[in-house]
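First the structure, in the form of structure tokens, and then the observations on it.
The values are calculated or read from the model by the stated rules, or taken from the named source; none is laboratory data. Remember, it's a predicted structure, so these values are computed and weren't measured experimentally. Using ideal geometry, Cβ is built from the backbone for each residue, glycine included, and neighbour counts are taken over all protein chains shown.
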Amino acid sequence: MIRKLRIASLVGVHILILAHIYLWGDEVIGSVDFQEFFHAFIKHGVINSGVIIVIIAFVTTLIFGRFFCGWACHFGAVQELAWWLLNKFGLKPITLNSSLVTILPLFILINFFILPNVFYYFQSPWEKIRIDLGMPEIWAFLPGFIIGSLTFLIDGFLIVYFLGRKGFCRFLCPWGSFLKLPNTLAFFKVRNIGGCIKCGNCTSNCPVGIDVSYEINNFDKVTNTNCTSCLDCIDGCPSNAIAYQWKNPIEEKFKLSYYVLNRDMYNLDTIKNKFKSIHKDDFITFLLILLLGFSIDGLYGMGHFLSFGIATITAIQIIKFYKKHIIISSIVLLVFMFHGLIKFSIWRGIENYEMNNYSSSIWHLERAIAIHPKPIGKFHVLLAQMYFDNNDFVNAEKHLLLAQKINPNHTSYKELFEKIKSKKNINEK
Ligand code: SF4
Ligand code: SF4
């Protein structure tokens, strides 16, 4: 019954979103993306629709736990659909347990969303708080069709196949990480009310892969901060041993042992073949994820979620199989390193260009365009500009012609062509 209600809620939320767009377009309420809290509020002091959603989610999590994730999040719903479909096709992914489910989303949250916006604030503090519910427009953070489809496929489906239940929510989602602290303090939790027969149903049913059975028998409640208050565990308990209950926060017990790595979990005979621990490789896996993630992040329009989704799946597979498939693992690593070199070349090229260090910028950008799989007009224009400033009109013209070939409709080349022509004329005279 609870599961049906939850499915109805997840479907209902999406119908409401579509109805809102149909009735009011995208003008009344703008983007409701969680990152608005960081990009709009922390950075610019703007309270928009996304900021209000985050505040509501934070406050309600303090009371009810992360029910927002379990009852309203579209991306959680996609992963549950993926799990259901995989099971329908007879595929039973193993759910991986690792400390990375805490470390990696927190790293993504701090590195990509908190630190850059806090630094920006300190460099140019906002003067007053503004309210603007309609901006940015509702689709502002949606990627294009190809990147959007890849993100949907990799972070919604493939990640569930490779990492298990709610692979994206557990291993990557920074918004889930943001809600972990209020979730720890939440008044309502799944609690042991007595009579558990240790059948393991609750653990098997948990869509986030929490060992509910272990936690309620050892801690008297579910303490895992990934709990989304979906209540599926209660729904499937044959002896009504657990309930979603309020407790006065002053009487609530908080012990460090509730939250630290616990190797005794997932040992019930009925569930242990559904989970696998990769804890022993956590450190090396984390380093490899960072290396792979940063080597592709931002390339070809890929956002953090897609690049780190690919990196996490790949890193875990490499750590798992490199002894058996050393050649394939090495080739995959080389592919990532190649893209890392492209990214490094672009980064250093643009950085040096902005610092007017043209010789270094030319060196990096020439390499970037030589190895980048797709011709990029913007880099040819930068190179043309720098060669022109260095009085190398032959190379300036060459790059400008290449830029024009890539993007013939652009009009910005005309001025530089004129400048090159007149300089050449002056030099010939
Ligand atoms: S512990 Fe229970 S309420 Fe929490 S996510 Fe798992 S099934 Fe849902
Ligand atoms: S489903 Fe109920 S009886 Fe079975 S392990 Fe969980 S709490 Fe105990």
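Quick rundown of the values:
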| item | result |
| --- | --- |
| From S295, S345, S329, residue being part of a helix (DSSP H, G or I) and either modelled with pLDDT under 95 or surrounded by fewer than 18 Cβ atoms within 10 Å (Cβ to Cβ) (or both) | S329 |
| Hey, V190 in contact (Cβ under 8 Å) with a residue 40 or more places away in the chain and near ligand 1 (Cβ under 10 Å from one of its atoms) or not | yes |
| Subset of the range 49-66 that is touching a Ser or Thr at 6+ places or on another chain (Cβ under 7 Å) and not small (G, A, S) - its residue that is farthest from ligand 1 (Cβ to nearest atom) | F64 |
| Qualifying residue in the range 234-253 (condition: out of contact with any Cys (no Cβ under 7 Å at 6 or more places or on another chain), among the acidic types (D, E) and within 12 Å of ligand 2 (Cβ to nearest atom)) | yes |
| Complete set of residues in the range 264-304 that are over 17 Å from L172 (Cα atoms), more than 16 Å from ligand 1 (Cβ to nearest atom) and touching a strand residue (DSSP E or B) at 6+ places or on another chain (Cβ under 7 Å) | K276, S277 |
| Segments classed as helices (runs of 4 or more DSSP H), wholly inside the range 1-88, with at least 3 members that are surrounded by fewer than 18 Cβ atoms within 10 Å (Cβ to Cβ), out of contact with any Phe, Trp or Tyr (no Cβ under 9 Å at 6 or more places or on another chain) and at pLDDT 90 or above | 74-88 |
| Residue count, the range 348-379 (criterion: of a type in the set (K, R) and not in a helix (DSSP H, G or I)) | 1 |
| Single condition L163 does not satisfy, out of (1) at pLDDT below 95; (2) under 24 Å from the mean Cα position of the chain (by Cα) | (1) |
| Residues being farther than 23 Å from A8 by Cα and within 14 Å of ligand 2 (Cβ to nearest atom) - total across the range 185-200 | 10 |
| Scope the range 166-198; condition of a type in the set (S, T, N, Q) and assigned to a helix (DSSP H, G or I); matching residues | S177, N183, T184 |
| Sole residue being more than 22 Å from P182 (Cα to Cα), outside any helix (DSSP H, G or I) and either within 13 Å of ligand 1 (Cβ to nearest atom) or assigned by TED's automatic domain parsing to the domain that holds F187 (or both), chosen from P249, P238 | P238 |
| Residues located in the range 372-399, provided they are more than 32 Å from the chain's Cα centre (by Cα) and closer than 29 Å to G340 by Cβ | V381, L383, A384, Q385, M386, Y387, N390, N395, K398, H399 |
| Given (1) within 16 Å of ligand 2 (Cβ to nearest atom); (2) outside any helix (DSSP H, G or I), index of the condition S204 fails | (2) |
| Considering residues of the range 223-233 that are touching a residue at least 40 places away in the same chain (Cβ under 8 Å) and of a type in the set (S, T, N, Q) only, the residue farthest from ligand 2 (Cβ to nearest atom) | T225 |
| Residue within the range 260-272 that is in a strand (DSSP E or B) and touching a Lys or Arg at 6+ places or on another chain (Cβ under 8 Å) present | no |
| Selected residue [within 21 Å of L153 (Cβ to Cβ) and out of contact with any Lys or Arg (no Cβ under 7 Å at 6 or more places or on another chain)] from L291, L306 | L306 |
